Each structure stands twice: as C-alpha cells, then as structure tokens.
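The values are calculated or read from the model by the stated rules, or taken from the named source; none is laboratory data. Fair warning: this is a prediction, and the values are worked out from it, not measured in the lab. Because the Cβ atoms are built from the backbone with ideal geometry, glycine has one as well, and the counts that use them run over all protein chains shown. Ligands, DNA and RNA are excluded from the accessible area calculation, which covers all protein heavy atoms including side chains. Shrake-Rupley method; radii C 1.70, N 1.55, O 1.52, S 1.80 Å.
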There are 2 protein chains.
Amino acid sequence: MGTELTSDLPSERARHVLRILVEHYIREGHPVGSRTLSLTAGLDLSPATIRNVMADLEDLGFIAAPHTSAGRIPTAKGYRFFVDTLVRLQPMAEPDVVRLQGQLEDRFRGDAKAIASAASSALSALTSLAGVVTIPRQQKATLRHIEFLPLSGRRVLAILVVNDAEVQNRILDMDRDYTEEELRRAANYLNEQFTGRDLSEVRTRLRANLDGTREYMNRLMLDSIAGHAPKAGTESAGYVLSGETKLMNFQELSDVEKIRQLFEAFGEQREILTLLDRSVAAQGVQIFIGEESGYRILDDCTIVTAPYTVGDQIVGVLGVIGPTRMAYERVIPIVQVTARLLGAALNSDLNVGPDFGLRPDLNSGS
Amino acid sequence: MGTELTSDLPSERARHVLRILVEHYIREGHPVGSRTLSLTAGLDLSPATIRNVMADLEDLGFIAAPHTSAGRIPTAKGYRFFVDTLVRLQPMAEPDVVRLQGQLEDRFRGDAKAIASAASSALSALTSLAGVVTIPRQQKATLRHIEFLPLSGRRVLAILVVNDAEVQNRILDMDRDYTEEELRRAANYLNEQFTGRDLSEVRTRLRANLDGTREYMNRLMLDSIAGHAPKAGTESAGYVLSGETKLMNFQELSDVEKIRQLFEAFGEQREILTLLDRSVAAQGVQIFIGEESGYRILDDCTIVTAPYTVGDQIVGVLGVIGPTRMAYERVIPIVQVTARLLGAALNSDLNVGPDFGLRPDLNSGS
DNA sequence: CGCTAGCAATCGCCCATGTAGAGTGTCAAG
DNA sequence: CTTGACACTCTACATGGGCGATTGCTAGCG
C-alpha cells in the first residue's frame, strides 16, 4: 500500500534484473526463468529473491508470463523502459559505416528513388530486418532545363530537368490549345530567367508576375513546376521496402495469417506511411513498440525510425520493421547512422549538381 | 503385360473418372475417394470398380495417394493431361470482359509500366491468384522529340519523347566533351529528320550514315536511341507482380518456409523472368504445372502465361501464379482474354499517339 | 528486515495409447 | 467385367500419464 507512490519506477536492483532479462530474451528467444537470471545476473542472489523482484516487475507491467510456470518475457512497456533507460547502445563497427557510406554515395546523381532504394537495402542487410525509406521530398530542386510539347486535347507535356540529371515529366490539362511557338517562347523564358534557381523560388517569382501580362502563359508555367515531387506516370510518392521476407524468419511471426496481413499492409502503403509520418515531427530516432503503433497488425512488431535531412530540412524518414524482440542495441545506432549518411549523400548530390549546371569544366576543357 | 502397349493412354472411362476426380479435387481440396467418385461420376459404378480404375490411373502416374487410405489427388502429370485434353473451358463472363477492357484502356497514354501494372492487378483480382505482367518492350516506338544536355565528366543526358507522351532519359558516357552548340545541332538534326519515325528506323538510317562525316556525332546520336526500353534510373526492365499475398491463403502453401522462398524468388525476379521468357516462343496460353517449371520453389505452383502482341510483334508476357490446384477452366480464359485486351490497349495507344504527334486539331482550332 | 531454502502446485510439452473413420486392395461370386 | 464383402492400413483426434521447468508461498536464518 504505502509503496504505491514509489512503485511507478522499479528499484535499482529491479532495473538491473530487467535489463538482464530483456537482453537474455532478445538473445535467446525463450522465456527467462528465475534460475537463469540468478546465474547470469551477476548479483549473487538466489532464485527465490529474483522471483520476488520479478513479481514486482510483473506488477508494474514490465514483464509477463506467457503461461504459468514458463519464465517471463518483456511486455511492450518493458521494452519501452528498456530502450528508454536501460539499453547500452553498441556503436556501429567502423568498417560497416564506411561500406554503408560507399553504398549511398555516387552513381545516384539525382535519382531520389534509387538512392532511397539503396538505403533501404542497406538497412535490411545490416539489421536482418525489413528496411523502409520514404522517397525524399526534394526540398531543394534547382531548375536545369525545361521543355514543353503540345499534346492533343488541350494537354501539354512538360519535361523538366532538375538537379543535374533528374528528369521529371507531367501532363498538364490546360483550358485552351497552345501553338508550338507559344510553348517554345514559354520554355525559352523559363530557361533564360531561371536556370540554376530553386524551383520554389521560381514558383514565388512567377506568382509575383501573375497580375502582369500574359497570365495565361503564367498559368502554364506555374503548373509545370507545381508540386514538383512525383514523376508523372510512376507510382506516386511512397516508400521503398526491402527485405520483407526476412520477417518470415521470426518465430513470433510464423503464423501465415499474421504474415499475410502484414504483407497486405505493406502493399497498401497507407498505414505504414502515416506511421512513418508521425516521426517526421520528432528529431532523432523514434521507436514504436508493439501496440504503441496503434495498428493491430503491428502488435508484435517494432518500428525504429529516424528522419533524415538535407541542410536543416527534413526530407524523409527511414527505419526498420521487425519483431518486438529485436537487437535494439545494434539496430538503433544503425538507423541513426543511416539517416545521417543518407542525408549527407543527398546533400552532396545537391551541392555538386548546380555546379555541373554551370558546367565550369566545359569552358576550360575541350 | 499385354496391356502395356495401350496403357500409355487411359481408357475412355478412366478419362472420365480422372476428369471428375480433378474437378472435384480442385473444388474441394480434399483427396477424393472411390466412394465419392462412385456417387458423383454419373457412371453408375460401384466404389470397387472405381477403385480398379483408380489403380490403373495411379499406375499411369496421373494420380497419387498422399498416404494409404486417403483418396487420391492429381499429380502434375494428371493436371497436365487434364488441361491438355479434359478441361472444359469456361469463357469469361461478358460484363467482366467489358470491365477489364475499361481498366486497360484510357489514362495510360504511353506509360508502359502503368498499364502493365493495371493488367497485373486485374489478373489478380479476377483469379484470386498472383498476377504478373512483364513490362512491354516498345517494339514500335516513334520518335517525338529529342534533347541533349551536357553533364560533367564527358557525360551527356539524353531525353527523348516517344509515342505521344512517354519520356525516357539516359546518361551517355562519351569519349570526349561536347559543347552546348554541338549538342543543340545534333538534337535539331534528329528532330528535323526523324520526328514521327520509328526508333528502329532511325537507328538503321543513322547506321547507314556511319561512314560519312561527323561520325563522332553519329556515335552520340546512336547511343541516345540504342536499347530504348528501360528508363535510365528506374529499376530496369522486369515485371509487375500483384496480389502475391493472395497466395498465402492456400493450404498447400501454408508453410511459412515455402512462402518465404517463394517471395524471395519474386524479389529476385531472375528465375521468374526466365520462366516467363520461355513462353515468348509459344503462341497462346502456356502452362507450367508443378515440377514442369524446373524450379524447386515452384513445385506446388502452376504458372499460366500468354504472350501479348502489338500488331503481330510479341512485346511481353503476362500470366498468373497460383497453386497447382487452381480453377484452370476459369483461369485459362482469363489469361487468354487479358493478353488479347492488353495487346489491343497498347495498340490503340500507338495508333493514336502518332496522330497526336501531327497535331491535326491545332491548325484548325484556336 | 531482507534474503534464502524448501515445498507444493501449476502448466506446457512429449509420448504412448486407444478409437473412430475413411479408404484401399483383393478375392470370390455373379 | 462388375460387385459386395472383408481385412488391412493409416490419419486424425482425444485421452492420460510422466517429466521438467518455474512459480508463489512460507518458515527460518542472519
């Protein structure tokens, strides 16, 4: 009775026992009994004493017994306490960091989806879990070149090249037909005035001109660079998922029906996406353990996410999905580092891109 | 002994029994016993007689008993005989055909991947199996417009618009730098000479000029339209798979390990792709039952495929993947019709595209 | 007052056993 | 060639008794 006020937090000793228990369970996968803990906790306590401690921990909701006489396993709340205050993070091995960096740099000049895909695979490979990376919002997108082509039925095909070599195209529905000459003039105007400028800047400048002459041309030009993220035909924004099949290796997900629902959710994208969005707000690694996600399908799963940034703008979220019983001490740093490196890779891409846009070596070369 | 020469093919009665057995097994999923057949075969034979017939069929390898006293189920060879000579195909319901047609037409102008994706989903929805459609090779691709942009390091970005509104881009590694002026001239030349022409035609014509002047420009121009299928950055050619999760509903695939291997194969793409390629040769529906595919992972699966054509050129393959125990009489016509409709949709797309390319209504309009 | 040893109780797991049911192969008779 | 009868085989399912692991509780020890 009198202990209830203080019982929200476990004692020092209980915390130690909890840590050992969680670590052991994560490693072995079997419920952990008092005897095992007594032997491995390094506290020199008899099983009976450990049992008392475990009873306390169970009362607090940190651990639970799957059935009478089967040792204890951590609850979601137990994992939560573990990752918040007990876990001893294990920094990534330096060689792994270097390799990861290599996988993210280079050869992706401007192709947002490809680089996201590489990051996703890397996450999956490093953690043996499913990796997920949202396609980066191109906050900074500098215009390299634009071109219009007339289509039938008052539609216009706009092709724009941003950031060095990324080609986007979309079909604009206009309210009248345009001649080739008009389109050429519009393209010339944009190319002369705005090459090397950021798209958002182009947009505001165009908007400023809106009340001036030729506002119908303006409409065309504005539309062409509006919402510049998703490619026209391609399956719209979303995320890249890798290594889903790895999830089938875990006993806790060995039920076909569960797997099916999980994979269907992956296919839908919606739920996962809103979940990822939630961690855009936070800075740094965020963890959703079991029921915390709010999605029944993910009850036995943990999602570790981190936003990644270009400059100081958050442009996307990445993370891993796995069973609640995952190696948090390894996974958390991996997610953290990957987010940082992906941001860096995207950043260098941008810094380099515009330089190429000015083609400094063409003048001196040849 | 004396019967062995004639025993390669089952008797008329045996064929009838086999048909009933296969149909029944496909419907119910349980091994079929002699009593059941005696009641449902409509032959007015006692179970004992049926048993004799079944023993013959088993000797021929058409059916097998999973264990003593458990009825019989068809073997791969049994299914093969069934689909080759016994099955009574059930034509698709007219409303379904119309709906399917609607799903494939329209709104996909030129976007090969999107239309393949729609076909794949449709296949999956109609059959409750996994649908698969290879991205169509654009055999006919008429040049609409081309554009070059210089990049760093002797690389050139080529953007070409084919078939109305499909934008492709690739990065060319050249052996020297090109000035903007040179690139503009090359683009102008191509646009003036070859707009509205088929890419293959462009290629041969360019090649004819090869020994003439300016062969270095020719190299550039040839490269830009070489192997015009895969978009630059996008995950290269391949197929679109839909409804894989539906496969998890089948008992014969309820083993997590099997599912895992299957999904990993889907992810790899390689094996599935070579399998699909095999049916490019054949015309019409082709079926790989169980072991016939040659891939262990697909031992319990059947793949029903059909190539689809534009004009008289085969440009891709589509089909469904499901358990060997599938409703062949419904699935085969669905695959057949979908292939035809997809071809038609792609064809109309092409026929319409070039017309738009000439923009007849622009001159008369406005 | 906290720790410990001991003890009964609980429960999952494994195995053997028993039973019911479904289906087969065979054989002799029609 | 067909059929009814019969013995046989095998699965699926339920039952029940150890076995082992682990717990909660309580009395005693320092």
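Yes/no per residue for (1) of a type in the set (A, V, I, L, M, F, W, C); (2) at pLDDT 95 or above; (3) within 19 Å of A:A327 (Cβ to Cβ):
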{"site": "A:A65", "(1), (2), (3)": "yes, no, no"}
{"site": "A:T68", "(1), (2), (3)": "no, no, no"}
{"site": "A:R80", "(1), (2), (3)": "no, yes, yes"}
{"site": "A:V83", "(1), (2), (3)": "yes, yes, yes"}
{"site": "A:L89", "(1), (2), (3)": "yes, yes, yes"}
{"site": "A:A93", "(1), (2), (3)": "yes, yes, yes"}
{"site": "A:V97", "(1), (2), (3)": "yes, yes, yes"}
{"site": "A:Q101", "(1), (2), (3)": "no, no, no"}
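Take the conditions (1) polar (S, T, N, Q); (2) open to solvent by 30 Å² or more (accessible area, probe 1.4 Å); (3) in contact with a helix residue (DSSP H, G or I) (Cβ under 9 Å, 6 or more places away or on another chain); (4) within 11 Å of chain A (Cβ to nearest Cβ); B:Q101 misses just one of them, which is (4). Looking across A:L9, A:L37, A:L43, one residue alone is more than 14 Å from chain B (Cβ to nearest Cβ) and either within 13 Å of DNA strand D (Cβ to nearest atom) or among the aromatic types (F, W, Y) (or both). It is A:L37.
Of all residues in the range A:61-83, one or more are surrounded by 16 or more Cβ atoms within 10 Å (Cβ to Cβ) and touching a His at 6+ places or on another chain (Cβ under 9 Å).
Note on the range A:265-351: enclosed strands (runs of 3 or more DSSP E) holding 2 or more residues that are touching a Phe, Trp or Tyr at 6+ places or on another chain (Cβ under 8 Å) and farther than 25 Å from A:V32 by Cβ are A:313-323. Name the single residue, out of those in the range A:112-144 being within 8 Å of chain B (Cβ to nearest Cβ) and open to solvent by 30 Å² or more (accessible area, probe 1.4 Å), that is farthest from the chain's Cα centre (by Cα). It comes out as A:K113. Taking the range A:249-274 as the range and being open to solvent by less than 60 Å² (accessible area, probe 1.4 Å), more than 10 Å from every other protein chain (Cβ to nearest Cβ) and charged (D, E, K, R) as the test, the residues that pass are A:E252, A:E271. Residues that are open to solvent by less than 10 Å² (accessible area, probe 1.4 Å) and either in contact (Cβ under 8 Å) with a residue 24 or more places away in the chain or closer than 14 Å to B:A165 by Cβ (or both) within the range A:153-162 comprise A:V156, A:L157, A:A158, A:I159, A:L160, A:V162, listed in sequence order.
Kindly indicate which of A:L160, A:L86 is touching a helix residue (DSSP H, G or I) at 6+ places or on another chain (Cβ under 6 Å) and more than 9 Å from every other protein chain (Cβ to nearest Cβ). None of the others qualify; the one that does is A:L86. Checking B:T204, B:T234, B:T213 one by one, the residue that is polar (S, T, N, Q), outside any helix (DSSP H, G or I), under 30 Å from B:G316 (Cβ atoms) and modelled with pLDDT under 85 is B:T234 and no other. Within the span defined as the range B:93-111, every residue fails to be within 16 Å of DNA strand C (Cβ to nearest atom) and of a type in the set (D, E, K, R). Checked against the criteria, A:S11 does not count as free of Cβ contacts under 8 Å to residues at least 60 places away in the same chain, within 11 Å of DNA strand C (Cβ to nearest atom) and under 25 Å from A:F250 (Cα atoms).
Restricting B:S69, B:S11 to residues that are small (G, A, S) and over 28 Å from B:I332 (Cα atoms) narrows the list to B:S69.
Of the candidates A:L43, A:L39, the single residue that is within 9 Å of DNA strand C (Cβ to nearest atom) and open to solvent by 20 Å² or more (accessible area, probe 1.4 Å) is A:L43.
Scanning the range A:46-94 for residues that are more than 28 Å from A:F288 (Cβ to Cβ) and more than 13 Å from DNA strand D (Cβ to nearest atom) turns up just one, A:E94. Within the range B:163-198, the set of residues being buried (at least 21 other Cβ atoms within 10 Å of the Cβ), away from chain A (no Cβ under 11 Å) and touching a residue at least 60 places away in the same chain (Cβ under 8 Å) comprises just one member, B:N163. Test B:L346 against the criterion of being surrounded by 24 or more Cβ atoms within 10 Å (Cβ to Cβ) and at pLDDT below 90, and give yes or no. The answer is yes for B:L346. Taken over the range A:46-92, the criterion of being more than 16 Å from DNA strand C (Cβ to nearest atom) and assigned to a loop (DSSP other than H, G, I, E, B) is satisfied by A:G61, A:F62, A:T75, A:V87, A:R88, A:L89, A:Q90, A:P91, A:M92.
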